[in-house]
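Working notes for the structure below.
Quick note: the coordinates plus some simple rules give every number you see, no bench work behind them. As the structure is a computational prediction, the values presented were derived from the model and not from experiment. Cβ placement follows ideal geometry from the backbone for every residue including glycine, while neighbour counts extend to all protein chains displayed.
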């Protein structure tokens, strides 16, 4: 569900573990990222005649990183960046959007986006100095806000198993097969996605486990396991 004026606080915890084997030598890396977002829906529009076959509503919104941390251990504490609700006297290190100098000279973690009612993000715009890598990460995280389960068109061809509870509040999607890479023989990519909605079809949580295994030969391989836990925060 998407409504104009909605302000939702979203929490994402992403854990990833990589194992790369090169000439028999194994290199392992682990990373944990915790990011808290505000997502605010500004407006909605009906499509023009040219685009009416592709969606029925286009929503404009903004997404800001409230706080974030990244570490190789699980005990990192998200540090404040932008808060859309705090008054100036309570901000601490958070940046206040009312300060025109900050908006002008600093790449604040605030971006504007357009998304259709069938979950396609058409544009995302950020401060010109905002790092491209961080914008791309924000874009990927925004897709978790609209979990893909049950939206697939070719479920059989994509090797998808889909389970939906009788009340429609719990959706589980599992898919897997060869990885989408050049020379993918011997590879395996699987994703297990679990979505929980409330009675009005608002997102409560989304858990995803993705596993990638690529075996080049007995001495060279790549394995990755990534877990995403995306939750709506209630106040």
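For 55, 112, 206, which order do you get if you count the other beta carbons within 10 Å of each Cβ and list the fewest first?
Least crowded to most crowded, the residues run 112, 55, 206.
Sort 110, 7 so that the residue with the fewest other Cβ atoms within 10 Å of its own Cβ comes first and the one with the most comes last. Could the numbers behind the result be given before it?
On the way: 110 21, 7 12.
Fewest-to-most Cβ neighbours within 10 Å comes out as 7, 110.
Does region 1-74 classify as rounded, prolate or oblate by the C-alpha gyration tensor (a ≥ b ≥ c root eigenvalues; a/c under 1.5 gives rounded; else a/b over b/c gives prolate, otherwise oblate)?
It is oblate, given that a/c is not under 1.5 and a/b is not larger than b/c.
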